[in-house]
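The next block holds one structure in the form of structure tokens; read it before the comments.
Derivation of every value follows stated rules applied to the coordinates shown; laboratory data play no part. If you're wondering where the values come from, they're calculated on a predicted model, not measured in any experiment. Note that we place each Cβ from the backbone using ideal geometry, even for glycine, and neighbour counts take in every protein chain shown.
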Amino acid sequence: MPKKILKGKVISDKNKKTIVVLVERKYQHPFFKKIITNKKKYHAHDEKNKFKIGDSVKITESRPYSKKKRWEVINTQ
């Protein structure tokens, strides 16, 4: 099974080797047909600390690095 890839924006880079990425998803409600925006934060591993706040990045599933960190940055958009 392929690993999930998500696109988002870096909202925090204060921790060492970790960034927090905000991923926004839009979908249509099945009954009301209204467009709904869903936001979720992911902690991602950034080995070289090269990503800063405001950068657009792609993250992918990976092995657990810590309690909250199960994602890894693959590149910028």
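For the chain, list the strands (runs of 3 or more DSSP E) that sit wholly inside it and hold at least 3 residues that are loosely packed, with under 11 Cβ neighbours inside 10 Å and of a type outside the set (D, E, K, R); which are they?
Qualifying strands (runs of 3 or more DSSP E): 35-45.
I'm trying to understand the selection: among the residues of the stretch 33-64, which are in contact with an Asp or Glu (Cβ under 9 Å, 6 or more places away or on another chain) and without any contact (Cβ under 8 Å) to a residue 24 or more places away in the chain?
Hits for the stretch 33-64 are THR37, ASN38, LYS39, LYS40, ARG63.
Give the stretch 6-39 a look and list any residue that's within 15 Å of TRP71 (Cβ to Cβ), among the charged types (D, E, K, R) and in contact with a Gly (Cβ under 9 Å, 6 or more places away or on another chain), or say none.
Answer for the stretch 6-39, where residues must be within 15 Å of TRP71 (Cβ to Cβ), among the charged types (D, E, K, R) and in contact with a Gly (Cβ under 9 Å, 6 or more places away or on another chain): just LYS9.
Could you check the stretch 23-73 and list, in sequence order, the residues that are within 15 Å of LYS9 (Cβ to Cβ) and of a type in the set (A, V, I, L, M)?
Residues satisfying the conditions are VAL23, ALA44, ILE53, VAL57, ILE59, VAL73.
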